Amino acid sequence: MVQMSRLLPQVKNKTLRAIARYSTPRKLMNLARVIHERRNRVLTPRSLPYRANIDVTNACNLHCTFCPTGQKHYGRKVEIISVDRVKQFLDQIGDYLYLAHLFLWGEPLLHPRIGEIVSLIHKRRIFTEISTNLNI
């Protein structure tokens, strides 16, 4: 039997676990299209993303000297994403996603409804990941 990691060399282990656990025919077809389009360097891909970074907030409770978020150097006002916006996003491409990373520039645990967002995404059979500074 061929190992999945040999077929998908550019895919990380957590993605392989998500594929094994959350696959549907639609997700598998889209992933095959993603791999095909990457290998062939297609200029106008028809595939949809199989993973997404959803920055649930751009706020942070720390003021690290090396971080543009903590020092407020990015020029944006502090906001949180609405649960309705997450639902709208999932309605658009949720059927194709394997992974949702709920962090980028902010501290996700500052979002007052982060548990609801995680539950909403997980119900769509999408692997969720949060990175936190663990200071809350």
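The values are calculated or read from the model by the stated rules, or taken from the named source; none is laboratory data. These figures come from a predicted structure and were not determined experimentally. Neighbour counts run over all protein chains shown; Cβ positions are idealised from the backbone, glycine included. Note: accessible area is taken over every heavy atom of the protein model, side chains too, but ligands, DNA and RNA are not part of it. Shrake-Rupley method; radii C 1.70, N 1.55, O 1.52, S 1.80 Å.
The table for this structure:
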quantity: Inter-site label distance for Glu116 and Ser131 at 7 Å from Cα along Cβ, in nm; calculated: 2.7 nm
quantity: Gaussian network model of the chain, springs between alpha carbon atoms under 10 Å - residue of Asn58, Asn30, Asn13 with greatest fluctuation; calculated: Asn13
quantity: In segment 34-136, the GluC sites (Glu not before Pro) that fall in loop regions by DSSP, at most 15 other Cβ within 10 Å; calculated: Glu79
quantity: For the chain: accessible area per residue (Å², 1.4 Å); calculated: 66 Å²
quantity: Check: the chain dipole with +1 on Lys, Arg Cβ and -1 on Asp, Glu Cβ, in debye; calculated: 620 debye
quantity: Kirkwood-based shape ratio for the chain, expressed as Rg/Rh from alpha carbons; calculated: 1.02
quantity: Inter-label distance, nm, simple model (7 Å from Cα along the C-beta direction), Val78/Ser23; calculated: 4.4 nm
quantity: Filter on Lys77/Lys123; Lys27/Lys87; Lys27/Lys77 - keep pairs with C-alpha separation over 27 Å; calculated: Lys77/Lys123; Lys27/Lys77
quantity: Cys with no candidate disulfide partner in the chain (beta-carbon separation under 4.7 Å rule); calculated: Cys60
quantity: Choice from His63, His111, His101 showing the highest fluctuation, given a GNM over the chain with Cα pairs closer than 10 Å; calculated: His63
quantity: Overall dimensions of segment 82-136 by Cα: Rg and Dmax, Å; calculated: 11.1, 34
quantity: Mean Cα-pair separation over length for the chain, i.e. relative contact order, pairs under 8 Å, 6 or more apart, %; calculated: 27 percent
